[in-house]
Amino acid sequence: MIILGIDPGLRTTGFGVIEQRGATLRYIASGTIKSGEGNLPQRLKVILDGVAEVARQYQPDCAAIEQVFVNVNPQSTLLLGQARGAAICALVSADLAVAEYSPTQIKQAVVGSGRAVKAQVQDMVARLLALPGLPGSDAADALGIAICHAHSRETLKLIAAAGAGAGAGALAGLRMRRGRLVG
């Protein structure tokens with residue numbers, strides 16, 4: 001399963017591509033799409049075209065994107081939402097299923113704490129994917145989103161297997177450990 005993670009931003013949109021084989025994650029690619037300066041419609045087109053190109057190049061099976069969080073500045077939140085919308089449109093146009101995760105969910109899945117700082121996310125992404133160095137912050141966030149989706153998929157498989165195996169009582173033995181569901 002190839003997973004594309006997107007960290008939307010109006011100036012810089014991060015992307016990360018990983019492969020999931022069972023519980024094993026492998027790094028494929030990461031980077032950023034820079035929309036530059038200029039008018040909003042042109043910048044949104046750069047994001048739309050850039051995400052579409054990444055999807056064409058790496059042929060992911062699914063995608064995940066960070067949800068918008070509300071800033072102190074409502075104008076910034078609205079602009080971020082428009083950048084996110086352009087990225088989602090590119091993903092949907094590529095016929096990809098798109099999952100959405102909050103910043104807290106992503107940090108919990110990658111670091112084990114929903115209050116982790118960017119440096120901790122970068123470090124854990126590098127460790128989890130056995131990278132030779134730290135990725136840039138936007139690329140690390142996008143890889144973290146892809147990792148979060150991979151972990152969420154595994155959790156849903158465990159729940160489905162437990163539910164199918166022994167009925168309602170099968171879920172009783174599952175518990176959370178370091179942000180992951182374990183049997």
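Kindly provide the set of residues from the stretch 106-123 that are surrounded by 19 or more Cβ atoms within 10 Å (Cβ to Cβ) and either in contact with a helix residue (DSSP H, G or I) (Cβ under 7 Å, 6 or more places away or on another chain) or among the β-branched types (Val, Ile, Thr) (or both), ordered by number.
Applying the first criterion (surrounded by 19 or more Cβ atoms within 10 Å (Cβ to Cβ)) to the stretch 106-123 yields 106-111, 116, 121-122.
Within the stretch 106-123, 106, 107, 109, 110, 111, 116, 121, 122 meet the criteria.
Taking residue 44 as the residue in question, decide whether it is modelled with pLDDT under 95 and of a type outside the set (Gly, Ala, Ser). Quick ask: steps written out before the conclusion?
Details: modelled with pLDDT under 95: no; of a type outside the set (Gly, Ala, Ser): yes.
The answer is no for residue 44.
From the list 96, 131, 143, pick out the single residue that is modelled with pLDDT of 95 or more, over 17 Å from the mean Cα position of the chain (by Cα) and under 20 Å from residue 31 (Cα atoms). Break it down stepwise before answering.
Values: 96 fails: over 17 Å from the mean Cα position of the chain (by Cα); 143 fails: over 17 Å from the mean Cα position of the chain (by Cα).
After applying the criteria, what remains is 131.
Within the stretch 16-51, can you find the residues that are within 16 Å of the chain's Cα centre (by Cα) and farther than 13 Å from residue 83 by Cβ?
Correct list: 16, 17, 18, 19, 20, 25, 26, 27, 28, 29, 30, 31.
Could you check the stretch 59-109 and list, in sequence order, the residues that are of a type in the set (D, E, K, R) and not in a helix (DSSP H, G or I)? Give the steps one after another, and end with the answer.
Restricting attention to the stretch 59-109, the residues satisfying the condition of being of a type in the set (D, E, K, R) are 61, 66, 84, 95, 100, 107.
61, 66, 95, 100, listed by residue number.
Condition (residue is within 24 Å of residue 154 (Cβ to Cβ), of a type in the set (A, V, I, L, M, F, W, C) and assigned to a helix (DSSP H, G or I)) applied to the stretch 32-51: is it met by at least one residue?
Just the residues of the stretch 32-51 that are within 24 Å of residue 154 (Cβ to Cβ), to begin with: none.
Looking through the stretch 32-51, none of the residues is within 24 Å of residue 154 (Cβ to Cβ), of a type in the set (A, V, I, L, M, F, W, C) and assigned to a helix (DSSP H, G or I).
So is residue 72 modelled with pLDDT under 95 and touching a helix residue (DSSP H, G or I) at 6+ places or on another chain (Cβ under 8 Å) or not?
When the stated conditions are applied, residue 72 does not pass them.
Inspect the stretch 53-62 for any residue being surrounded by fewer than 17 Cβ atoms within 10 Å (Cβ to Cβ), among the acidic types (Asp, Glu), farther than 25 Å from residue 118 by Cβ and free of Cβ contacts under 8 Å to residues at least 24 places away in the same chain and give the result as yes or no.
Looking for residues that are surrounded by fewer than 17 Cβ atoms within 10 Å (Cβ to Cβ), among the acidic types (Asp, Glu), farther than 25 Å from residue 118 by Cβ and free of Cβ contacts under 8 Å to residues at least 24 places away in the same chain, one finds at least one in the stretch 53-62, hence yes.
The values are calculated or read from the model by the stated rules, or taken from the named source; none is laboratory data. As the structure is a prediction and not an experimental result, all values here were calculated from the model. So basically every Cβ, Gly included, is an ideal-geometry build from the backbone, and we count neighbours across all protein chains shown.
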